[in-house]
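Report on one structure; see the data block that follows.
Taken together, the values in this text are just the output of simple stated rules run on the coordinates, not laboratory data. Quantities reported herein were computed from a predicted structural model and do not represent experimental measurements. We place every Cβ from the backbone using ideal geometry, glycine too, and count neighbours over all the protein chains shown.
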Amino acid sequence: MLTIRSWFYQHNFIEIQVPCSAKEAIPEANIDLFKAEGGRYLLPSPELHLKPHLSLCIEAFFHIGPAFRKNEKGQIHSPEFTILEWYRAEADYTVLMKDCLDMLSTISAAFRNNTCFTSALTDWSLEKGAYIFTIEDAFTQYAHWNPVELHDERKFEQDLVTKIEPALPADLPVILKDFPSWASSLSKIKESDQRVCERFELYFQGVELANGFTELVNTEEQQKRFQKENIKRVKQGLEPIDLPKTFLTALNQCPPSAGIALGIDRLLMLLVGAKDISQVILPLF
Amino acid sequence: MYESSDLRKGLKIIIDGQPYIITDFQFSKPGKGQALYRCKLKNMITGYTMDRTYRSGDKFEPANLEERRMQYLYSDGEGYHFMDTKTYDQVTLTDENIGEAKNFLQDNMEVDVLFFNETPISINLPNFVQLKVVQADPGVKGDTATGATKPATLETGYTIQVPLFIEEGDILKIDTRTGQYVERVKS
């Protein structure tokens, strides 16, 4: 953790501490939320609290803390996990990609020198490079169809997990970028190609480590997207979530910026070569 | 009814009227996407295996399965006959139901018969059984290589690989899960 924090301090980030619960939440179709006493939400990510800081003229900041997602339990999922998020004002997603690889290399070197664990990740360093594929290329090559042209969410999710992730090269980090515009969530549509959004995911050995994007900083557009997410939630039997007003109001005052979230537990798994997230979570959890 | 979030390895559910057991289970959730519950399923009657992916909101009927302790009587053209030692009820299982277990079935052996909606579908043997060797060639003298084996035929007609010192009439302990020789019980 010290290595991660040092990396951010060295790169002039401010560390921000935020609560892990809130009165409001971001409506997302596929995230089930825990509710605490008084109807407060246990947050699935600190995004709700963090992103509005961009409107306060803070150039770069990060946060490490707990996050909660109900009903997520599997080899690389735990209902409570540790999340790292960072934001940069006046930046786009390409800057975050560089951040990811640079930080990953720093962490793997520190781990290599200080512990007895070795893994594919500790063997990797920035000089070895990384793969960057667009979603369009990856799907055309490994799944033989193009989700950027054809909007089929079910097939997209199924093939991403069963065809793309297992086929990704395992020797270097992989970045999948330019998701279809219909999977934009809170990201900005690419100006040079309106079919896609400036969103990427970082993988190592088929494990999704981080999801980052150039932020959408348009209140009206984001509000429309949240409403669509709520429609999907209701269809899936989840309760709709009231629009987060404070968050939405702040968006219009944010400069162009980029933000990303990374799963610390998964990072640890990859560093020690663990196959199941339970191996890196304390036994009393 | 089970929900998708109840799915786990070992759970028994009904698909298209047939009982299946989940032999492998993986929870996946592509970033921002819907949760996927990926299962490897084995049909408990035919042994047929398949992959299925389920999503939140899917529902599953639990398979009504019951195990009963029964005694193996004999086999004939109709199949394999078993009897409940308490109620004296008799049931007949087919070749398909019995599968590899036929290699280790002895008269009067007690086994667990698995019932699905009152129909017997398979049997569970004890992990170890003791069977007599009815035919084994003498070991070749002078062959001292460690781990050398030869074939031997058991009273059930099943042939397995055994160490060279095994002779006709020996009683052997066999692991029914692997079908392999464990040790000589009596010579």
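Determine the gain in length on full extension of the stretch A:Lys275-A:Gln17; use 0.36 nm per residue of separation and subtract their C-alpha separation, reporting nm with one decimal.
Value of the extension gain: 89.8 nm.
Over 18 Å between Cα atoms: which of A:Lys128/A:Lys275; A:Lys232/B:Lys32; A:Lys163/B:Lys29 fall into that group?
Violating the 18 Å limit, Cα to Cα: A:Lys128/A:Lys275.
Of the residues B:Leu125, B:Leu105, B:Leu164, which exhibits the maximal mean-square fluctuation in a Gaussian network model of chain B defined by a 10 Å Cα contact cut-off?
With Cα springs under 10 Å in chain B, the top fluctuation among B:Leu125, B:Leu105, B:Leu164 is at B:Leu164.
How about the range B:1-55: which chymotrypsin sites (Phe, Trp or Tyr not before Pro) there are in a DSSP loop, with at most 15 other Cβ atoms within 10 Å of their Cβ? Walk me through the intermediate numbers first.
Values: sites: B:Tyr2, B:Tyr20, B:Phe25, B:Phe27, B:Tyr37, B:Tyr48, B:Tyr54; in loops: B:Tyr48.
Filter output for the range B:1-55: B:Tyr48.
Within 10 Å of each Cβ in A:64-76, how many Cβ atoms from other chains are there, averaged over the peptide?
Average neighbour count from other chains, rounded to a whole number: 3.
In whole Hz and in residue order, list the ³J(HN,Hα) couplings for the range B:57-62 that follow from phi through the Karplus curve 6.51 cos²θ - 1.76 cosθ + 1.60, θ = phi - 60°; x for Gly and Pro.
Computed from phi, the couplings for the range B:57-62 are x, 6, 10, 9, 8, x Hz.
If the elastic network links every pair of Cα atoms under 10 Å, which of A:Ala60, A:Ala91, A:Ala110 fluctuates the most in the Gaussian network model of chain A?
Result for chain A, Cα springs under 10 Å: A:Ala110 fluctuates most.
Roughly what would the spin-label model give for A:Glu153 and A:Lys224, points 7 Å off Cα along C-beta, in nm?
Placing both labels 7 Å beyond Cα along the Cβ direction yields 1.7 nm.
Could you tell me the extents of the protein assembly as shown's C-alpha atoms along the three principal axes, largest first, rounded to whole Å?
90, 54, 44
Within the range B:109-187, report the trypsin sites (Lys or Arg not before Pro) that DSSP leaves as loop and that have at most 14 other Cβ atoms within 10 Å.
Here the sparse-neighbourhood loop sites are B:Lys141, B:Arg177.
For A:Asp32, list long-range residues whose amide hydrogen, built 1.01 Å from N in the peptide plane, is under 5 Å from its own amide hydrogen.
The answer is A:Lys70.
Under a cut-off of 12 Å between alpha-carbon atoms, report the aspartates and glutamates in cross-link reach of B:Lys186, not counting same-chain residues fewer than 8 places apart.
Straight-distance partners of B:Lys186: B:Glu167, B:Glu168, B:Asp170.
Would you please give the residues with an amide H less than 5 Å from that of A:Thr134, counting only those at least 5 places away or on a separate chain, with H modeled from the backbone geometry?
A:Lys177
For the range A:2-279, evaluate the Debye formula with one uniform point scatterer on each Cα (no solvent term) and list log10 I(q)/I(0) at q = 0.09, 0.15 Å⁻¹, rounded to two decimals.
Log10 I(q)/I(0), no solvent term: -0.41, -1.27.
Check which residues have an amide H placed less than 5 Å from B:Val162's amide H, if you skip close sequence neighbours.
B:Lys150, B:Ala152
Show me the GluC sites (Glu not before Pro) within the range A:159-265 that DSSP assigns to loop and that have at most 16 other Cβ atoms within 10 Å of their Cβ.
A:Glu191
Taking θ = phi - 60°, what integer Hz values does the Karplus form 6.51 cos²θ - 1.76 cosθ + 1.60 yield along the range A:180-185, in sequence order, with x for Gly and Pro?
Running phi through 6.51 cos²θ - 1.76 cosθ + 1.60 with θ = phi - 60° gives x, 4, 6, 10, 7, 6 Hz.
Could you work out [θ]222 nm for chain B from helices alone, using -39500 (n - 2.57) per DSSP H run of at least four and dividing by all its residues? Round to the nearest 500 deg cm²/dmol.
-500 deg cm²/dmol
Run lengths n ≥ 4 of DSSP H only: what is the helix-derived mean residue ellipticity at 222 nm for chain A, with -39500 (n - 2.57) per run over all residues, to the nearest 500?
-8500 deg cm²/dmol
Report Rg (one decimal) and Dmax (nearest whole number) for chain B, counting Cα atoms only, units Å.
Gyration radius and largest Cα-Cα distance of chain B: 21.5, 69 Å.
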